[in-house]
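Okay, structure first, notes after.
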């Protein structure tokens, strides 16, 4: 703790995940001033058929 | 925001997801009176071996 | 289960919460076809100083 | 409700999940004194490329 | 990580929280075999007007 | 969406929250390449009596 859960679309490139976790941890370390080892970041990858924005599935919005 | 996370069993039919997201968004729009585009609904599909009810895995309950 | 967590701004009126929970449960019952008693809806009320949209706190956006 | 969400690495052995759900439910039942049937435990299995600890992905830490 | 989020009603007695966190951690340590220091348990206390079961707020069910 | 939930200790200084939300959003924008307005960050402030690390409440660890 502190813990972060990120809910977003899938990320294909491992390097992008690597940088995302590093930078989010940097931001938290500045805010909480707790030893770096304590921060946990979990990336959740959600399919476009499982996310709705404005009442509409992303998979349907992408088709338009 | 507002954001909703729904944790349930898998939903096979895309049309069911479509209606679920629409109706949950309708309900939120009535409650929060924020522009519709702001609502996000995320459906999480959980395997019956990863959910316990009453201390027992769903996969074990289904066998009974 | 299924469980829903709604993260939104505070809701002052109890009747609004009552309707929100009822309608979200109605929507889930249609989707999952599980006995009504199984559905849990948790409303989380977040202060405008604890939510950022587009990188900016809501409390700051409201001042503009 | 009460509901528990456990975010951890994958668990290969079903028996381990079975015991985990049982024991976490036992602990909650002692704390909340609500009928056992009400407790829901959801296990989330996260890949080592989707979890960062101390700003570093687990998949990278394991290589070291 | 592993992390646990428990969503339940308020717990008045600190000793109850102490035991809950200890026992849930014991259960996870047995399952994941990761050093004990890594486990985080977060207890969320929810008001009965913010939780719905079976489509009805707990605050309304308690009155019956 | 993408959405972030940060579970940490209370943050007293509004400016710290402001910077945290901005920097976490910056990191996500780089990763997901979605218009900035779509990112939501929710900060959850947890009391030291509601968080356990290594099976022990933070409120008890701080006393040591």
Exercise. Describe numerically, in nm with one decimal, the distance between label points set 7 Å from Cα along Cα→Cβ at residue D:34 and at residue D:59.
Key: 3.7
Quiz item: What shape does chain F take by its C-alpha gyration tensor, where a ≥ b ≥ c are the square roots of the eigenvalues and a/c under 1.5 counts as rounded, a/b above b/c as prolate, and the rest as oblate?
Solution: prolate
Practice problem: Give the angle, between 0 and 90 degrees and rounded to the nearest 10, that separates the Cα long axis of helix B:14-32 from the longest principal axis of the Cα atoms of chain B. | Solution: 50
Exercise. Quote the relative contact order of the range D:1-41 in percent (integer), defining contacts as alpha-carbon pairs under 8 Å separated by 6+ residues.
Key: 63
Quiz prompt | Separation between Cα centres of chain B and the range D:6-64, rounded to whole Å | solution = 20
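Let me confirm one metric for peptide F:30-40, namely the mean number of other chain beta-carbon atoms within 10 Å of its residues' beta-carbons.
6
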Quiz item: Once you average over the residues of E:7-15, how many Cβ atoms of partner chains fall within 10 Å of each Cβ?
Solution: 4
Quiz item: Just for the protein assembly as shown, what percent of DSSP beta bridges are antiparallel, to the closest 5?
Solution: 55
Practice problem: Rank F:17, F:44, F:30 by mean-square fluctuation in a GNM of chain F with C-alpha springs under 10 angstrom and give only the top-ranked residue. | Solution: F:30
Practice problem: Report, in deg cm²/dmol and to the nearest 500, the calculated mean residue ellipticity at 222 nm for chain A, where each DSSP H run with n ≥ 4 adds -39500 (n - 2.57) and the sum is divided by the residue count. | Solution: -12500 deg cm²/dmol
Exercise. Assign one of three labels to the protein assembly as shown, namely rounded, prolate or oblate, based on the Cα gyration tensor with a ≥ b ≥ c the square roots of its eigenvalues; rounded applies when a/c is under 1.5, prolate when it is not and a/b is larger than b/c, and oblate otherwise.
Key: rounded
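A short reminder: the numbers here are calculations on the coordinates, not readings from a lab. Every value quoted in this text rests on a predicted model; they were computed, and no experiment measured them. Backbone-built Cβ (ideal geometry, glycine too); neighbour counts: all protein chains shown.
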